[in-house]
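Here is the structure we will look at.
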């Protein structure tokens, strides 16, 4: 014990020279001691498939988290369930501090985006975590996970679905809690852990859980651990998120697939119709042409404008890293773009490409559009603008497969499905708990802390405010190049380590 | 034997009242006697997967045909092979008639288009032939294949890949030959059978076989049995075909897939770029906007124009059947459309739709374009026009995945692959053997015979002319609504029966 104490003390002295708190350096030393065990705990967690709709697997994830919490002595570990059957449970637990008059709730989610394993690198597999000695883009190689005597290089990365989004959040929160306890520090507020299982499916039933467990979920602040840190690699606090909703559109050609030789350029091709429709949604400068799309945006406050001005520009770095030369909206920087509502084609398909391509006119073609909302936008209104625009392009709108009568009557038919979604949310930068949290995170790093009025991504924080009247702050930890939502998702170990320090500092704040 | 002779005689008398030849009615009677056996022979043939690139299965198809020919006493049955390894063999056989001074070659192909079995009806499977009591579109039901004592209703259909395109051609040719022999009629010309195995893969190596077996393949006429009869259900002879070639195009976004929230509307989305590119290729009236696309078309002769004028219009019927109201090229009828070069989007894809959809900006989006050529068009020139058009839209053109340097330098990059293809071909309507064939086919039906200067579809007849200096005529037999090249391909039995009568009449012509 003595030698460890000495080590911690030396580390603390070294650290102080760089402006990091003694506590952070002690947490770091504890982390180094526990790395092997935590990664060993993480690997089987990442091995459980976690699409929200897959009840069997999702419940295995929940059970695994349940056990991780019990192992750490967290109290009142339980499942919070929605009334709607089949909804993934929230895994919840408490740490009650005698005399504490405030409560912090730490949020992360354990479900992940759908996977198409054929799109992953051949050396990877979404639910079989692999260690690489760097990033795939930099030609890193597969290496074995070290044994108990080995060391982890912080630049190594673990590749698996949800390695960063957002099982990393759960792992970092639970490791941070354990580290604070091991280091012998105190908590000054009650802590709650709240791990959701249907975030990637739109958190459709979260409001039911909030309504059912309102008393249990009383708090002063929710700390939302999701998403990536700033591309400058600096730590980041986001005060809000964009809202999210989808529009699925299918347009129709002939009622049966036709030979493209025998009918080509006589029968209408739905892929061409869809291409024309999608193309018409943005002008040559990348601006959405849908009338009113940029209306109703709540202006930023002077404090928020200042924070944006102070955000380091990463445009050149990111263009270099992502290997493109022109941004979609001519002249608009990344940070500024994220302060606007967006329309993205998540997917579009008509017929088949590659080896499956054949000489046909298909019967339909479909696209999934992703709408992001900023403060002031109502997601149903944004969806309706898209629907009205499609109608304006001459389409007869239907909610189901068109009938024969509709097909014969209308030259252009679009089946449009408006998904459930949610609005943007933003917490004031002048909230007292926000100031405390900023100070806590600043104490862990000698670099600038990036304060973003809104992340580009979405978490249904709107629902937290509406049903719980809660304050939320986003404290992301994942590397920005984590490939979340896509193939080859990964977490850089240094980001996991930094995340543990950040979260520990927040848990210890006074 | 006597009772059969009587039956044939009665049938012949009845038939004559409707203007069908006595020979046709005798062939029909023989067919009725052999139906069960032929279908029993057809089922295992359709059960063998037949994508040209699948050497193992394709050779099984060839061996099956080889045996079918041997069983019928066809002479010199052999494989004709191309020099390029892995090319599916042609299955070839002869019937030599003493004193005959002319030779007819009957062509069909045994390979099929790729299949995506998930797109087939749940009650069907591409390589497990099923019998339905009508068409799927008319809610027909699955029924068992009758046993030897049962009868086939001619409106029933067999569903399987290549049931019509083009194993039906092989089955009908071999059944017709057998029927003529069984009915005791004579052949007046030497017959050759030539069954190709890579037509759907573009007949890329056919010229090698033609070069290698030039002497063996001397003929006065090739009878090409492929494609569907006219939509009016009338029998048809086509004097030519459109050429065919493909252009595959891939456009690029960021070098790794990005979260559509964190980067949406800042990073360029390749699906939008592709949509804009494809949309720009046709105007609002459905005309191809690519400069010079409709140049160099050889005008139709007066005889060909007359044939088109006499072709029954099926536009209303087909729109009704296919359930759409407007043709792609405003105001242009189906037959006229097929006399023009065409550009069809066979497939396009960026990201994923449906359950696989996720919130991403994908790294690339691709389309496969099908170009059809008419007489006068050079396929490489048409492809080049498309490539030049893409370049004119601001794209840097590459033949392989773009390098990092290219990605950083050019805002728009398109990888363009020009496939091998072939030109259109047309045989003169005044060719003496054409007149004989018209008369032979007319003798089998009391309905109008449709004479088309060109089919919409393609067979590489250009190669026959170029390498063998051969004359070709297309005699299709499949029902027009056969779903060839797509899911739920089928053959209507009456079409198979009619095809046998048509081919038998051609084999017997003097």
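The values are calculated or read from the model by the stated rules, or taken from the named source; none is laboratory data. All values derive from a computational prediction rather than experimental measurement. Here the Cβ positions follow ideal geometry from the backbone for every residue, glycine too, while neighbour counts run over all protein chains shown.
Using the structure shown, decide if residue A:54 is under 21 Å from the mean Cα position of the chain (by Cα), under 27 Å from residue B:260 (Cβ atoms), surrounded by fewer than 19 Cβ atoms within 10 Å (Cβ to Cβ) and in contact (Cβ under 8 Å) with a residue 60 or more places away in the chain.
Considered against the rule, which asks whether it is under 21 Å from the mean Cα position of the chain (by Cα), under 27 Å from residue B:260 (Cβ atoms), surrounded by fewer than 19 Cβ atoms within 10 Å (Cβ to Cβ) and in contact (Cβ under 8 Å) with a residue 60 or more places away in the chain, residue A:54 comes out as no.
Select from segment B:270-298 the residues that are part of a loop (DSSP other than H, G, I, E, B), farther than 15 Å from residue B:382 by Cβ and touching a helix residue (DSSP H, G or I) at 6+ places or on another chain (Cβ under 9 Å) and list them in ascending order.
Of everything in segment B:270-298, those that are part of a loop (DSSP other than H, G, I, E, B), farther than 15 Å from residue B:382 by Cβ and touching a helix residue (DSSP H, G or I) at 6+ places or on another chain (Cβ under 9 Å) turn out to be B:280, B:284, B:286.
Let me confirm something: among A:326, A:377, which residue is at pLDDT below 95 and either more than 9 Å from chain B (Cβ to nearest Cβ) or outside any strand (DSSP E or B) (or both)?
Being at pLDDT below 95 and either more than 9 Å from chain B (Cβ to nearest Cβ) or outside any strand (DSSP E or B) (or both) holds for just one of A:326, A:377, which is A:326.
Out of all the residues in segment B:341-374, which are assigned to a loop (DSSP other than H, G, I, E, B) and over 18 Å from the mean Cα position of the chain (by Cα)?
The answer is B:352, B:353, B:357, B:358, B:359, B:362, B:363.
Scanning for something in the same structural domain as residue B:61 (by TED's automatic domain parsing), within 13 Å of the chain's Cα centre (by Cα) and either without any contact (Cβ under 8 Å) to a residue 40 or more places away in the chain or over 30 Å from residue B:364 (Cβ atoms) (or both), does segment B:210-224 turn up at least one residue?
Looking through segment B:210-224, at least one residue is in the same structural domain as residue B:61 (by TED's automatic domain parsing), within 13 Å of the chain's Cα centre (by Cα) and either without any contact (Cβ under 8 Å) to a residue 40 or more places away in the chain or over 30 Å from residue B:364 (Cβ atoms) (or both).
Out of (1) touching a strand residue (DSSP E or B) at 6+ places or on another chain (Cβ under 9 Å); (2) more than 23 Å from residue A:82 (Cα to Cα); (3) at pLDDT 95 or above; (4) crowded, with 20+ Cβ neighbours inside 10 Å, what's the single condition that is false for residue A:136?
Exception for residue A:136: condition (3).
When segment A:409-420 is examined, which residues are found to be at the interface with chain B (Cβ under 10 Å from one of its Cβ atoms) and under 20 Å from residue A:290 (Cβ atoms)?
Residues satisfying the conditions are A:412, A:413.
Are any residues in segment B:103-128 in contact with a strand residue (DSSP E or B) (Cβ under 7 Å, 6 or more places away or on another chain), assigned to a loop (DSSP other than H, G, I, E, B), surrounded by fewer than 23 Cβ atoms within 10 Å (Cβ to Cβ) and in contact (Cβ under 8 Å) with a residue 24 or more places away in the chain, and if so, which ones?
B:114, B:124
Quick check on this structure: which one of A:406, A:447, A:489 is farther than 29 Å from residue A:161 by Cβ and within 12 Å of chain B (Cβ to nearest Cβ)?
Only one candidate passes the filter, namely A:406.
Please go through segment B:303-323 and pick out each residue that is at the interface with chain A (Cβ under 8 Å from one of its Cβ atoms), out of contact with any helix residue (DSSP H, G or I) (no Cβ under 7 Å at 6 or more places or on another chain) and crowded, with 20+ Cβ neighbours inside 10 Å.
Result: B:322, single match.
Which residues, taken from segment A:75-94, are buried (at least 20 other Cβ atoms within 10 Å of the Cβ) and either assigned to a loop (DSSP other than H, G, I, E, B) or not assigned by TED's automatic domain parsing to the domain that holds residue A:51 (or both)?
If the condition is that a residue be buried (at least 20 other Cβ atoms within 10 Å of the Cβ) and either assigned to a loop (DSSP other than H, G, I, E, B) or not assigned by TED's automatic domain parsing to the domain that holds residue A:51 (or both), then A:82, A:87, A:88, A:89 are the ones that fit.
Anything in segment B:333-357 that is more than 20 Å from residue B:243 (Cβ to Cβ) and more than 7 Å from chain A (Cβ to nearest Cβ)? List them, or say none.
If the condition is that a residue be more than 20 Å from residue B:243 (Cβ to Cβ) and more than 7 Å from chain A (Cβ to nearest Cβ), then B:333, B:354 are the ones that fit.
Condition test on residue B:201, is it more than 10 Å from every other protein chain (Cβ to nearest Cβ) and either surrounded by 24 or more Cβ atoms within 10 Å (Cβ to Cβ) or not in a loop (DSSP other than H, G, I, E, B) (or both)?
Spelling it out, it is not the case that residue B:201 is more than 10 Å from every other protein chain (Cβ to nearest Cβ) and either surrounded by 24 or more Cβ atoms within 10 Å (Cβ to Cβ) or not in a loop (DSSP other than H, G, I, E, B) (or both).
In segment A:80-89, is there at least one residue being on the phi < 0 side of the Ramachandran plot and in contact with a strand residue (DSSP E or B) (Cβ under 7 Å, 6 or more places away or on another chain)?
yes
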